[in-house]
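Only one structure is covered here, and it is reproduced in the block below.
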Amino acid sequence: MSAVNSAAASDVLSQYRAQAESRSGKSNELGKDAFMELMLAQLKNQNPLEPQDNGDFIAQLAQFSSLEEMQNLSSRVDDVVGQFRSSQALQASAMVGKTVLAPSQVGILGDEGEVTGTIQVPASTGGLSLSVMNQSGELVRQIDMGGSQAGVVSFKWDGQDGNGNDLPPGPYTIVAKGSYPSGMEQLPTMVSANVDSVSLGKNGFITLNLAGMGSIPLSEVRQIN
């Protein structure tokens, strides 16, 4: 029998894997139909003086069955992931119109006439303060909150300047600072904001579009009111 027959009688799985790897990343990557064609070609062209061992043939069929099961499992997993993302998006859409607490230094003064949020205090401080600045960077209100223990401290700004005058609606910068032996330290703040809409990205990540504050990932939201 010629070398051609010998080559045709080689392991079909090796041929399948080699061809699949050579087409890696292409849309026409080999599937189970091509696998069966290779296996039948091997049987038709094998050396009749040295036929394939039954045990080898059964082993190849078993591996083919395992391959098909893995492909079916992958398809089912994709379906489950798709359903999960759809469910997640539906739940997120229910947040439209609600108020969330998210990391930010910008507070939107609206018709309700106040800005609320929290300050993350890493260690006890003898003096906690809140500075409010307008869009021009001018300080419009300084709020001394006194000493505070470590933890999350809530704050509320009534929308007025230091003289008790109501300020116009719009975005204001909120800066919290704590007094420590090393000096004044700026502290992280979270501000309440209204959810205008929800976006679902191609990668499945959900983004909340907040009124006057831009977009943030859903994962950054710490509280829903």
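Results, tabulated for the structure shown:
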quantity	calculated
Check on Val115, within 33 Å of the chain's Cα centre (by Cα), open to solvent by less than 40 Å² (accessible area, probe 1.4 Å), among the hydrophobic types (A, V, I, L, M, F, W, C) and closer than 24 Å to Leu210 by Cα	yes
Any hit, the range 151-159, residues being open to solvent by 20 Å² or more (accessible area, probe 1.4 Å) and either on the phi > 0 side of the Ramachandran plot or not in a strand (DSSP E or B) (or both)	yes
Count of residues meeting criterion [closer than 21 Å to Glu220 by Cα and either of a type outside the set (A, V, I, L, M) or open to solvent by less than 20 Å² (accessible area, probe 1.4 Å) (or both)] in the range 176-193	8
Only one of Ala102, Ala176, Ala193 that is touching a helix residue (DSSP H, G or I) at 6+ places or on another chain (Cβ under 7 Å) and not charged (D, E, K, R)	Ala102
Among (1) hydrophobic (A, V, I, L, M, F, W, C); (2) open to solvent by 50 Å² or more (accessible area, probe 1.4 Å); (3) at pLDDT 95 or above - the single one Val96 does not satisfy	(3)
Single condition Gly127 does not satisfy, out of (1) open to solvent by 40 Å² or more (accessible area, probe 1.4 Å); (2) assigned to a strand (DSSP E or B); (3) at pLDDT below 95; (4) over 25 Å from Asn209 (Cβ atoms)	(1)
Criterion: of a type outside the set (Asp, Glu), touching a Lys or Arg at 6+ places or on another chain (Cβ under 8 Å) and either modelled with pLDDT under 95 or open to solvent by less than 30 Å² (accessible area, probe 1.4 Å) (or both) - qualifying residue of Asn209, Asn203, Asn165, Asn225	Asn225
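The values are calculated or read from the model by the stated rules, or taken from the named source; none is laboratory data. None of the values given here were measured: they were computed from a predicted structure. Please note: Cβ atoms are built from the backbone with ideal geometry, for glycine as well, and neighbour counts cover all protein chains shown. All accessible areas refer to the heavy atoms of the entire protein, side chains included, with ligands and DNA or RNA removed. Shrake-Rupley method; radii C 1.70, N 1.55, O 1.52, S 1.80 Å.
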